[in-house]
Amino acid sequence: MSLRPVKQIIEATPTLEGAGVKLRRAFGFGKTQEFDPFLLFDDFRNERPEDFLKGFPWHPHRGIETITYVLKGTVNHGDSLGNKGALGAGDVQWMTAGSGILHQEMPKGDAEGRMHGFQLWANLPADQKMIDPRYQDIKSADIPEVIDDDGTTVRVVTGEFWGKKGPVDGVAANPSYLDVYVPPGVRKTLPVDTYRTAFAYVFEGSGDFRGASAPFGALTERVGDNGATVAEETVRDTAGNRSLVLFDTGDEVTVQAGPEGVRFLLVSGKPISEPVAWYGPIVMNTQAQLREAYDELQRGTFIKHR
Ligand code: MN
């Protein structure tokens, strides 16, 4: 077994999206190689209705999948195929946009005016970018939960974990999407397939994901661009609320939970390794395909599947 070292810890940045929703973005619209097959990760946790009620009115998607996980409040959803529904606390929507949909996503707070949720974008490989759109709406009760002896609790949204299989299927990047809670003070090691891009996103408490091998503040050595060895100080050890931990290769990750325990999403997927041409909510392989998509939007021929 080999432990995945931490490559990077990223604080999610305040971002304005949709018609004026205040959210935090951990990655997106930047380097796509680092996170391949994933494109974007947004944390829309908000306590003030005026910061999210404007929502995400009608917009297109093509060439990707969007995964929405709601923790508090509701997201009302409607699309060009005539689908309509509401995602409540604990529910997941896995949308394969494929050749294209037009939809709107409108968050509504709970009784206390809180809205908590996450949206992840996963890329589709070239040969699946134009497949028919598909939705998988999963109710909270249908997401299996596994509890270990030490109290570690894992909700398995997709993929297989500790013998449980998540309810989402047929997804291109075959990702694993887990909601993990590790109780205060517990050190937990979790398996992750070796050939996958993997990250953790902490949303409650804090944890140290570096393993015992690199104590806080230690100097670690790496080979610099010119071939020389340079010493670098390990900047920080603990990943707190709203931080994303990007892992290097290996077949397991470890976390030492802080005094309040730690809850995080553990997401992994097989890299697609294809060219990315991306503008707004449409992600293709070439600029020509992107232009075609936006031309079709203007001409009203964007929707291929009704
Ligand atoms: Mn959308």
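What the table shows:
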| quantity | calculated |
| --- | --- |
| Close pairs from region 42-67: first farther than 23 Å from Trp278 by Cβ, partner within 11 Å of the ligand (Cβ to nearest atom), Cβ under 7 Å, at least 6 apart | Lys54/Gly18 |
| Residue in region 172-183 that is farther than 27 Å from Trp121 by Cβ and at pLDDT 95 or above present | yes |
| Wholly enclosed strands (runs of 3 or more DSSP E) of region 190-306 bearing at least 2 residues modelled with pLDDT of 95 or more and more than 20 Å from the chain's Cα centre (by Cα) | 252-269 |
| Filtered residue count, region 58-75, keeping only those that are in a strand (DSSP E or B) and either more than 10 Å from the ligand (Cβ to nearest atom) or basic (Lys, Arg) (or both) | 9 |
| Residue count for region 88-98, restricted to those that are more than 15 Å from the ligand (Cβ to nearest atom) and over 17 Å from Thr158 (Cβ atoms) | 2 |
| Region 9-30 residues that are free of Cβ contacts under 8 Å to residues at least 40 places away in the same chain and aliphatic (A, V, I, L, M), paired with ones that are open to solvent by 60 Å² or more (accessible area, probe 1.4 Å) and part of a loop (DSSP other than H, G, I, E, B) (beta carbon under 8 Å, 6 or more apart) | Ala19/Lys54 |
| Test: Thr96 is touching an Asp or Glu at 6+ places or on another chain (Cβ under 8 Å), in contact (Cβ under 8 Å) with a residue 12 or more places away in the chain, under 18 Å from Lys129 (Cβ atoms) and open to solvent by less than 20 Å² (accessible area, probe 1.4 Å) | yes |
| Restricting region 110-147 to residues that are assigned to a loop (DSSP other than H, G, I, E, B) and acidic (Asp, Glu), the residue that is nearest to the ligand (Cβ to nearest atom) | Asp132 |
| Residue in region 119-128 that is farther than 17 Å from Tyr201 by Cβ, in contact (Cβ under 8 Å) with a residue 40 or more places away in the chain and open to solvent by 30 Å² or more (accessible area, probe 1.4 Å) present | yes |
| Residue within region 118-136 that is of a type in the set (Asp, Glu) and farther than 24 Å from Gln256 by Cα present | yes |
| Residue list for region 100-109, filter: within 15 Å of the ligand (Cβ to nearest atom) and either open to solvent by 10 Å² or more (accessible area, probe 1.4 Å) or among the polar types (S, T, N, Q) (or both) | Leu102, Gln104, Glu105, Met106 |
| Subset of region 265-287 (residues that are in contact with a Leu (Cβ under 9 Å, 6 or more places away or on another chain), of a type outside the set (Ser, Thr, Tyr) and either within 16 Å of the ligand (Cβ to nearest atom) or closer than 26 Å to Phe161 by Cα (or both)) | Leu265, Leu266, Val267, Ile272, Trp278, Ile282, Val283 |
| Those residues of region 26-57 which are within 16 Å of the ligand (Cβ to nearest atom) and either under 20 Å from Tyr201 (Cα atoms) or part of a loop (DSSP other than H, G, I, E, B) (or both), in sequence order | Gly28, Phe29, Phe38, Leu39, Leu40, Phe41, Asp42, Asp43, Phe44, Phe52, Lys54, Gly55 |
| Sole residue being within 25 Å of Asp137 (Cα to Cα) and surrounded by fewer than 17 Cβ atoms within 10 Å (Cβ to Cβ), chosen from Gly82, Gly18 | Gly82 |
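The values are calculated or read from the model by the stated rules, or taken from the named source; none is laboratory data. The structure displayed is predicted, hence computed values, not measured ones. We place every Cβ from the backbone using ideal geometry, glycine too, and count neighbours over all the protein chains shown. Just the protein is used for accessible areas: all its heavy atoms, side chains included, with ligands, DNA and RNA removed. Shrake-Rupley method; radii C 1.70, N 1.55, O 1.52, S 1.80 Å.
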